[in-house]
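Please read through the structure below; I'll follow up with questions.
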Amino acid sequence: EAAVTQSPRNKVTVTGGNVTLSCRQTNSHNYMYWYRQDTGHGLRLIHYSYGAGNLQIGDVPDGYKATRTTQEDFFLLLELASPSQTSLYFCASRDSSYEQYFGPGTRLTVL
Amino acid sequence: GQQVKQSSPSLTVQEGGISILNCDYENDMFDYFAWYKKYPDNSPTLLISVRSNVDKREDGRLTVFLNKSGKHFSLHITASQPEDTAVYLCAAIMNQGGSAKLIFGEGTKLTVSS
């Protein structure tokens, strides 16, 4: 099974703060994804990537940037955090079989 | 709009019964369909999946049925147990030009009562 790790696991920041969420997968998967989970909305796709240097826009990208520096590492950046971005964030990766594996999640609170 | 939809936010089943979870989708270009299980504040884990060229797939107590003409797929859990209590997310992928994203429904909370 794919190994996907996220850091930090919990983060508290203030409105206007700068936050970077990190994700690493160690199974050489091409695709990586960032989702947010909110009550009443399920999992919503923010950004995704199919390789180092590639970035695709998801369904709820406003207020977020992302960068895929290597095949293993995918970062989600909130440059001016807002309370509406308080959420549980999941990273995931998958290979060509479509089976997608998730990291443990990062809980972000914006005060 | 919601491309993958779970119309029932919750379902309660007696222990030993059959749990039936339903999912509808809008776009007939979807070619992969999956069910994930999720506990509160934990990450989703893949339970079972099918490609669009298959109408049914079984794995132990789990069966996925795909109805392409009705744009509908379902998960049946037989001999339901209290440990099956969780949120179940359906998901689908549409592969367009090499760029594929997994789109999730909002989830159905299954409670198996003993």
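The values are calculated or read from the model by the stated rules, or taken from the named source; none is laboratory data. This is a predicted model, so every value here is computed, not measured. When we count neighbours, we look across all protein chains shown, and the Cβ atoms used for this are built from the backbone with ideal geometry, even at glycine. Protein only, heavy atoms only, side chains kept; ligands, DNA and RNA dropped before computing areas. Shrake-Rupley method; radii C 1.70, N 1.55, O 1.52, S 1.80 Å.
For the range B:4-113, what value does the Rg/Rh ratio take when both radii are computed over Cα atoms and Rh is the Kirkwood radius, given to two decimals?
0.96
Could you calculate the FRET efficiency of B:ASN95 with B:LEU11 from 1/(1 + (r/R0)^6), where r is the beta carbon distance between them and R0 is 25 Å, rounded to 0.05?
Between B:ASN95 and B:LEU11 the formula returns 0.25.
If you don't mind, another one. Within the protein assembly as shown, how many lysine pairs that are 8 or more places apart, or on different chains, have C-alpha atoms less than 18 Å apart?
Eligible lysine pairs with Cα atoms under 18 Å apart amount to 12.
Next question. How many percent of the accessible area of the range B:44-110 is carbon or sulfur, using a 1.4 Å probe?
47
How large is ³J(HN,Hα) for each residue in the range B:23-31, as worked out from phi by the Karplus curve 6.51 cos²θ - 1.76 cosθ + 1.60 (θ = phi - 60°), to whole Hz, x for Gly and Pro?
8, 10, 10, 9, 9, 7, 7, 4, 10
Could you grab the relative contact order for the range A:4-95? Cα pairs under 8 Å, six or more apart, rounded to a whole percent.
37 percent.
Here's a follow-up. Take every Cα-Cα distance within the range A:4-95, group them into 5 Å bins from 0 onward, and report for each bin the whole-number percent of pairs it holds.
Pairs per bin, as whole percents: 3, 15, 27, 26, 18, 9, 2, 0.
Same structure again: Percent of accessible area on chain A owned by carbon and sulfur, 1.4 Å probe?
49
Checking buried surface per residue: for the range B:1-40, which residues lose a minimum of 10 Å² accessible area in the protein assembly relative to the chain alone (1.4 Å probe)?
With the partner chains in place, the range B:1-40 has these residues losing at least 10 Å²: B:TYR32, B:TYR36, B:LYS38.
Quick one: Debye curve from the alpha-carbon atoms of the protein assembly as shown only, equal weights, vacuum; give me log10 I(q)/I(0) at q = 0.10, 0.12, 0.14, 0.15 Å⁻¹ to two decimals.
Calculated log10 I(q)/I(0) at the listed q: -0.45, -0.65, -0.87, -0.99.
Next question, about the same structure. Arrange the residues A:TYR89, B:TYR39 by how much accessible surface each exposes, largest first, with a 1.4 angstrom probe.
Reading off the accessible areas and sorting them downward yields B:TYR39, A:TYR89.
Peptide A:94-101: average number of partner chain Cβ atoms within 10 Å per residue?
5
Separate question: What ³J(HN,Hα) values, in whole Hz, does the Karplus curve 6.51 cos²θ - 1.76 cosθ + 1.60 give for the range A:26-39 when θ = phi - 60°, with x put for Gly and Pro?
Rounded to whole hertz, the list is 10, 10, 6, 6, 7, 8, 9, 9, 10, 10, 10, 10, 9, 4.
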